[in-house]
């Protein structure tokens, strides 16, 4: 019997005191199988990339369609749509609203525009500027624009609404307040108490009219009253023009008073009692849209971290930067504002 632990013979090299003698056998070379892991991971990565691309594209398409946004801020999806422009809060500038109206005016797929109003009015000039923009779009682009008053559509907001083709308001909405107001705070007595003195150098007797450091003179009061009356006349004339009513009829109502939607209807200050839904469906039928109309709104601006925090804590009465600016800019000035 041959053992594999017998000593090496004939001077055969060994690594130890004994060498391992292998049995005679054919030696075959074993080939390494191909590396399939690389191709497997490459395929998975490619499939995942395509899936993510499709999901991102679908999300982007849906967002653009639902928000009405494209490269110029509005969508070109579909046709026969109703655009909605919100007019909320105190009106201090016409730029944003006019820009939105102008873009929708050039969108042929938008058949009509609804001004969704919830505002007590604001600056006289800003309100008047939006009023004239509405008239211009109606005339130049022959596009129907209607107003839907939510809770409040008073003073400057009503001024703007009167330029539209039709005004809708809920029965409990507040409308009207055809009037002008100017006011400022006189802290002259406070300065006297603090032993402070105001020094003014002027050229022109009315140059410092309205100074908050002293009482106005009779001439200054007459001066401001003349300006206010002139703006009031403009307000009355423009509302009469927009509502297609005699100026005398509007003059009777131009006391600064407000009415509910139910009271305003027989006074011809509004055309129909009803909310936003009624305005939407009625407008769609008027411009030939059958069935449920598609609504498009301006693209919302990117939300910052501060806005998110303020929104999350909306129950806390923290004024936004825009509201702080409104308070700072409110005095002095002329306002179509219901207070």
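Here, each number is a calculation from the coordinates, and none is a lab measurement. Note that the structure is predicted; figures quoted are calculated from it, not measured. Virtual Cβ from ideal backbone geometry, glycine too; neighbours counted across all protein chains shown.
Quick look at the values:
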| quantity | calculated |
| --- | --- |
| FRET efficiency for residue 285 and residue 54, using Cβ-Cβ distance with R0 set to 30 Å, rounded to 0.05 | 0.20 |
| Label-point separation in nm, residue 118 to residue 102, each point 7 Å along Cα→Cβ | 2.8 |
| Percent of Cα pairs exceeding the 13 Å cut-off, where the set is segment 185-235 | 65 |
| Peptides ranked, highest mean first, by Cβ atoms within 10 Å: ranges 144-152, 214-222 | 144-152, 214-222 |
| Distance in nm between pseudo-label sites at residue 260 and residue 233 (7 Å out along the Cβ direction from Cα) | 3.7 |
| Per-peptide average of other Cβ atoms within 10 Å, ordering 111-123, 82-94 highest first | 111-123, 82-94 |
| Ranked packing of 125-137, 264-276, most packed first, by mean Cβ within 10 Å | 125-137, 264-276 |
| Residue 136 paired with residue 201, simple spin-label distance in nm, labels 7 Å along Cα-to-beta-carbon | 4.2 |
| Kirkwood hydrodynamic radius over Cα pairs of segment 170-259, then Stokes diffusion coefficient at 25 °C and 0.890 mPa s, in µm²/s | 152 |
| Gain on full stretching of the segment that runs from residue 45 to residue 208 - 0.36 nm per residue minus C-alpha separation | 51.3 nm |
